[in-house]
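In what follows, a single structure is set out as structure tokens and then discussed.
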Amino acid sequence: MSCAFSLLESCHLPCSRYLSTTFRFSRGWYQMQRPIKHKTLCLCRNMQTFACELVKASYVPTPQTKPKSLAKVETIDAFQKLPMVMPSVDIFQSASRKAKRVLPTKGIANVAKRERNRGAKQLDALMKELAVPLRGYIENFPKRIYLHPYERSLIELTFGAGNYEEVLKKVDALRKKVVSVGKEHASLCAKSLSKKEAEERLTEGLEKLQEIFKCEGQAIDDLLYIAKTLRAMPVVDLEMPTLCLVGAPNVGKSSLVRLLSTGKPEVCNYPFTTRGILMGHITLDYQHFQVTDTPGLLKRCDEDRNNLEKLTLAVLSHLPTAILYVHDLSGQCGMSPSDQFMIYKEISERFGNHLWLDVISKCDLLKESPVVFITEDREVDHLELVKYRKIGPEGALHVSVKNEDGIDKLKKKVHELLMAQMERIKSKRIQDNIEVA
């Protein structure tokens with residue numbers, strides 16, 4: 001049982017008053033009173049309402065609940081919001097110019113007092129001009145724990161484990177040192193007994209701050225490099241369907257990206273041509289989709305993989321992508337079909353929950369008999385491997401970028417795959433909103 005109470009304080013003026021009015025009739029004068037009504041003026045304070053629950057003949061306030069909001073949409077845009085970092089040399093030069101323009105307080109007649117006032121104010125101004133931008137960098141560079149898992153992986157694989165945080169710590173240590181030394185020398189300058197001593201203390205303080213920035217300013221330049229590198233990373237829209245091309249090195253992934261999308265990755269005949277995540281876009285039936293070209297994977301365990309391979313695995317692990325797996329059975333990529341088969345089995349089992357499409361590239365180079373490397377066992381008993389050497393995975397499309405064989409069919413299949421991925425994204429968004437509600 002619950003009740004609602006209103007706190008209402010009001011003040012009423014008299015509702016009516018009577019006026020005496022005289023009327024004349026046929027046999028004399030008569031005096032009558034006629035009521036004249038006035039509008040009631042009501043002064044009220046704001047009304048406050050709260051709910052109470054009746055418990056053992058006592059009213060207990062019920063806690064108010066906030067309305068539930070929709071699920072927050074995850075975004076990957078932290079790198080585009082990074083502040084612009086100036087080189088350490090430019091920061092010091094700009095701060096020095098501003099500090100030299102600081103004048104002593106007006107009205108000081110004594111020369112020594114005026115000089116020590118000027119020196120203390122200039123040192124304090126220089127200290128602030130150096131410390132304020134450094135503090136801004138520390139506050140505006142995001143902490144890694146608050147980033148999206150994909151962005152955390154990019155930072156770790158690009159700069160190494162812990163290097164990002166280490167650079168930020170060095171910049172913060174430099175800021176603290178500048179503040180400490182600046183305050184110390186400004187205090188010494190303010191305590192000078194003569195004009196000459198004040199000038200010497202000012203020069204000493206300026207040289208000390210310059211020396212600190214020269215020795216430890218490399219941390220700012222390292223932060224500048226980090227900001228430039230991260231800002232150049234491709235932007236991924238989690239609400240837009242994404243097609244991720246995966247496979248061994250040099251199997252033709254980049255050629256397919258150039259054919260399918262606006263992306264223009266480098267195409268060369270050597271392994272690990274793709275040295276990072278490259279992003280392109282597809283427009284099909286007035287709908288926009290994303291395409292990512294990833295570095296190739298080699299046959300080895302995760303502990304032995306290089307950072308380029310780990311970058312590919314990070315994309316598959318943290319981004320909602322549909323996979324276009326590319327195979328090369330012609331022997332031109334430098335990896336045997338048997339090794340490609342082993343990599344394919346590992347990735348398909350590991351990321352089997354992704355939407356999937358297999359493609360055999362360079363089909364114009366395929367021969368009637370399967371290609372078998374010298375290092376491979378020709379008399380293998382693995383039936384699935386034997387079948388893979390001949391035609392690849394079941395249901396795979398055979399395409400040739402050179403002759404454009406199967407390209408139209410590939411584009412149609414890619415469109416269907418991306419539309420299915422779009423439905424997955426919408427379903428997940430609805431499910432997240434239901435869970436929050």
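The values are calculated or read from the model by the stated rules, or taken from the named source; none is laboratory data. Computed from a predicted structure; not experimentally measured. Here the Cβ is made from the backbone with ideal geometry for all residues, glycine too, and neighbour counts use every protein chain on show. These accessible areas exclude ligands, DNA and RNA; they are computed on the full protein's heavy atoms, side chains included. Shrake-Rupley method; radii C 1.70, N 1.55, O 1.52, S 1.80 Å.
Tabulated data
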quantity	calculated
Ile138 being within 30 Å of Val236 (Cβ to Cβ) and aliphatic (A, V, I, L, M)	yes
Candidates Pro320, Pro295, filtered to the one that is open to solvent by 20 Å² or more (accessible area, probe 1.4 Å) and closer than 22 Å to Val414 by Cα	Pro320
The one condition in (1) on the phi > 0 side of the Ramachandran plot; (2) open to solvent by less than 10 Å² (accessible area, probe 1.4 Å) that Gly331 fails to fulfil	(2)
Selected residue [at pLDDT 95 or above and either out of contact with any strand residue (DSSP E or B) (no Cβ under 7 Å at 6 or more places or on another chain) or in the same structural domain as Leu154 (by the TED database) (or both)] from Leu224, Leu238	Leu224
Unmet requirement for Tyr344, which otherwise passes all of (1) more than 21 Å from Thr158 (Cα to Cα); (2) outside any helix (DSSP H, G or I)	(2)
Count of the range 155-213 residues which are assigned to a helix (DSSP H, G or I) and small (Gly, Ala, Ser)	8
Near pairs, Cβ below 7 angstrom, 6+ apart or cross-chain, from the range 345-360 (surrounded by 18 or more Cβ atoms within 10 Å (Cβ to Cβ)) to any residue that is among the charged types (D, E, K, R) and outside any strand (DSSP E or B)	Leu357/Lys413
All positions within the range 381-410 that are in a helix (DSSP H, G or I) and either of a type in the set (S, T, N, Q) or surrounded by 15 or more Cβ atoms within 10 Å (Cβ to Cβ) (or both)	Leu385, Tyr388, Arg389, Ile407, Leu410
Cβ-Cβ under 7 Å pairs, at least 6 apart or on other chains, the range 422-437 side closer than 22 Å to Thr242 by Cα and open to solvent by 60 Å² or more (accessible area, probe 1.4 Å), far side at pLDDT 85 or above and assigned to a helix (DSSP H, G or I)	none
Single residue of the range 225-246 satisfying the filter (open to solvent by 30 Å² or more (accessible area, probe 1.4 Å) and among the aliphatic types (A, V, I, L, M)) that is farthest from Ser187 (Cα to Cα)	Met240
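Every residue, every condition in (1) within 23 Å of Gly276 (Cβ to Cβ); (2) in the same structural domain as Met419 (by the TED database); (3) modelled with pLDDT under 90, yes or no:
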{"residue": "Leu319", "(1), (2), (3)": "yes, yes, no"}
{"residue": "Gln332", "(1), (2), (3)": "no, yes, yes"}
{"residue": "Met342", "(1), (2), (3)": "no, yes, no"}
{"residue": "Asn353", "(1), (2), (3)": "no, yes, no"}
